[in-house]
Amino acid sequence: MPETTDVVIIGAGPAGLTLANLLQRNEISCVVLEARDRSYVEERQRAGVLDHYGGEIFAAAGLADAVIAGAPREKFLELRYAGEPHFFDGPAHAGGRAGVIVPQQLLVRRLLGTFVDGGGDLRFAAAGVALHDVTSKPRVTYAGGEIQAAYVAGCDGFHGVSRHSIPSTDYTFDHGIGWYTVLADAPPPRHALMGISEHGFAAQFGRGPTASRFYLEYRPGAEDPRDWPDDYAWQQLRLRLGDPALPGGTITDKEIVEMRSFVTEPMAYGNLFLAGDAAHIITPMGAKGMNLAVADADFLAKALIRALRGADEAALRSYSDTCLRRTWDYQEFSRWFTEMVHDAGARSDPFRRRLAKARFDRLFRNEAAAAYFADMMAGTASVE
Ligand code: RFL
């Protein structure tokens with residue numbers, strides 16, 4: 001006889017762990033199957049900010065103390081245009097709503113600890129996960145056995161297996177932009193910093209008291225930054241951030257990110273529901289990937305709780321449409337932001353450069369434009 005539970009959650013990233021905690025707090029049984037081991041999951045560095053809406057989700061669930069306690073709030077974003085500083089006060093334009101500065105690995109570690117300490121069933125190194133009968137009585141098999149569940153949540157990221165059980169239409173977009181990102185022993189900037197200039201895009205974000213993560217735009221196919229000497233990366237950062245005095249530091253990690261977007265529709269099929277990167281990936285511009293994962297998980301948790309308490313499946317059946325509305329809204333915002341900061345570079349044609357400048361200027365001259373930008377940065381419940 002297979003084991004039984006209410007919900008099998010595949011994947012222990014931000015989406016899966018948020019869902020697991022929200023179900024646990026509502027006494028809905030679940031089993032989380034995670035392909036990797038615990039240290040890998042806890043140490044994976046990616047996002048740095050939980051938006052205001054994400055913070056509210058944990059607060060409403062009574063998880064703020066466990067998950068975001070003591071984390072500083074976002075204030076200014078410095079957009080440095082051709083060396084000229086411009087400070088955008090997001091919270092002031094969004095009615096005080098501010099993001100929470102919490103690195104993804106810390107969020108994941110805290111969510112994981114809270115779930116496991118609360119008696120949650122999380123199985124690491126779960127190999128060979130496969131989904132069966134998702135339109136009737138779902139079963140999930142893996143190297144450790146078989147579990148039958150009322151519902152399955154596919155939270156297994158872009159490279160997971162869940163998505164392939166859904167007859168779907170995929171939408172992909174290649175922005176034609178690459179980012180070379182390095183982690184360095186360099187003091188963090190006072191505020192999150194983006195450099196916009198004819199030399200190309202660059203950014204610097206704090207990662208703790210003594211480290212920064214830097215980003216440098218590059219042209220995929222035409223250049224390979226993995227060949228760049230560290231000195232050259234520092235020289236480009238000084239140029240693009242308009243800061244000749246930027247001190248260099250030891251680079252401790254280097255990565256390449258190619259800016260691609262992806263959405264699969266629908267996000268549900270029978271009793272299988274996708275959440276987070278399993279259903280959509282978004283460029284890091286606007287920092288929405290982790291936040292979409294948390295927002296999906298929140299909506300899914302509420303819908304599952306309602307269905308499993310015997311009310312009805314109405315919310316579950318509207319899950320895909322609701323989450324896709326937010327996903328496309330954020331995709332559009334991320335593309336808008338991507339164009340604004342990258343099209344200013346000399347590699348763009350002169351017309352697009354002027355458009356990018358107009359978009360940038362409007363942010364600082366037009367209250368409605370500033371409010372829109374700040375609202376998207378803070379995250380929005382307006383799609384529900
Ligand atoms: P995750 O985090 O990929 O977690 C999926 C989990 O599923 C497991 N898994 C499986 N488990 C069982 N069986 C299988 N067959 C499995 N296949 C996979 C994996 O091991 C993993 O533990 O997806 P989730 O939960 O949807 O969370 C999404 C976020 O991680 C992602 O959107 C963000 O990291 C994106 N992102 C950023 N988001 C932001 O909001 N702000 C940012 O500033 C930001 N910066 C970034 C980013 C992503 C980056 N990379 C590398 C993709 C910067 C980078 C460089």
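The values are calculated or read from the model by the stated rules, or taken from the named source; none is laboratory data. What you see is a predicted model, and the numbers here were worked out from it, not measured in a lab. Heads up, the Cβs are rebuilt from the backbone with ideal geometry, glycines too, and the neighbour counts pull from every protein chain shown.
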Item checked: All positions within the range 138-164 that are without any contact (Cβ under 8 Å) to a residue 24 or more places away in the chain and part of a loop (DSSP other than H, G, I, E, B) -> A143, G144, H159
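Listed here are the residues, each with its yes/no results for (1) of a type in the set (A, V, I, L, M, F, W, C); (2) within 16 Å of the ligand (Cβ to nearest atom).
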position: V8; (1), (2): yes, yes
position: R36; (1), (2): no, yes
position: Y40; (1), (2): no, yes
position: A59; (1), (2): yes, no
position: G70; (1), (2): no, no
position: L106; (1), (2): yes, yes
position: L111; (1), (2): yes, yes
Item checked: Selection within the range 354-384 - charged (D, E, K, R) and within 23 Å of F87 (Cβ to Cβ) -> K357, R359, D361, R362, R365, E367, D375
Check: What number of residues within the range 358-378 satisfy the criterion of being under 14 Å from I196 (Cβ atoms) and in contact (Cβ under 8 Å) with a residue 40 or more places away in the chain?
Finding: 3
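What number of residues within the range 272-296 satisfy the criterion of being more than 10 Å from the ligand (Cβ to nearest atom) and touching a Ser or Thr at 6+ places or on another chain (Cβ under 7 Å)?
1
Between A20, A66, A59, which is assigned by TED's automatic domain parsing to the domain that holds P138 and touching a Cys at 6+ places or on another chain (Cβ under 9 Å)? Steps first, please.
Details: A66 fails: touching a Cys at 6+ places or on another chain (Cβ under 9 Å); A59 fails: touching a Cys at 6+ places or on another chain (Cβ under 9 Å).
Result: A20 is the single residue among A20, A66, A59 that is assigned by TED's automatic domain parsing to the domain that holds P138 and touching a Cys at 6+ places or on another chain (Cβ under 9 Å).
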Next item on the list: Among the numbered conditions (1) buried (at least 19 other Cβ atoms within 10 Å of the Cβ); (2) among the aliphatic types (A, V, I, L, M); (3) modelled with pLDDT of 95 or more, tell me where A60 comes up short.
Entry: (1)
Next item on the list: Go over the candidates A293, A315, A370, A374 one by one and state the one that is touching a Pro at 6+ places or on another chain (Cβ under 6 Å), among the small types (G, A, S), at negative phi and in a helix (DSSP H, G or I).
Entry: A293
Next item on the list: Name, by its number, the condition in (1) in contact (Cβ under 8 Å) with a residue 12 or more places away in the chain; (2) part of a loop (DSSP other than H, G, I, E, B); (3) under 23 Å from the mean Cα position of the chain (by Cα) that does not hold for H199.
Entry: (3)
Checklist line | Selection status of T283, part of a loop (DSSP other than H, G, I, E, B), crowded, with 16+ Cβ neighbours inside 10 Å and β-branched (V, I, T) | finding: yes
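Kindly evaluate R110 against the criterion of being crowded, with 18+ Cβ neighbours inside 10 Å, among the basic types (K, R) and under 25 Å from D296 (Cβ atoms). Before the answer, list the steps.
Values: crowded, with 18+ Cβ neighbours inside 10 Å: yes; among the basic types (K, R): yes; under 25 Å from D296 (Cβ atoms): yes.
Yes.
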Margin query: Residues that are at pLDDT below 95 and closer than 18 Å to F173 by Cβ: does the range 242-250 have at least one?
Written below: no
Check: Using beta carbons and a limit of 6 Å, which pairs, at least six apart or on different chains, have the first residue in the range 223-245 and in the same structural domain as H191 (by TED's automatic domain parsing) and the second one loosely packed, with under 14 Cβ neighbours inside 10 Å?
Finding: R238/P244
Next item on the list: Would you point out which residue out of E217, E146, E198 is away from the ligand (no atom under 13 Å from the Cβ) and closer than 23 Å to S261 by Cβ?
Entry: E217
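Could you please let me know if L23 is within 11 Å of the ligand (Cβ to nearest atom) and in contact with a strand residue (DSSP E or B) (Cβ under 8 Å, 6 or more places away or on another chain)?
no
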Margin query: Looking only at the range 165-195, filter to residues that are part of a loop (DSSP other than H, G, I, E, B) and away from the ligand (no atom under 16 Å from the Cβ); which one of those is farthest from Q236 (Cα to Cα)?
Written below: P167
Margin query: Just the residues that are within 16 Å of the ligand (Cβ to nearest atom) and under 30 Å from T322 (Cβ atoms), please, taken from the range 245-271.
Written below: V257, E258, M259, R260, S261, F262, V263, T264, M267, A268
Note to self: Given the condition closer than 27 Å to M340 by Cβ, of a type outside the set (F, W, Y) and within 16 Å of the ligand (Cβ to nearest atom), answer yes or no: does some residue in the range 237-244 qualify?
What the structure shows: no
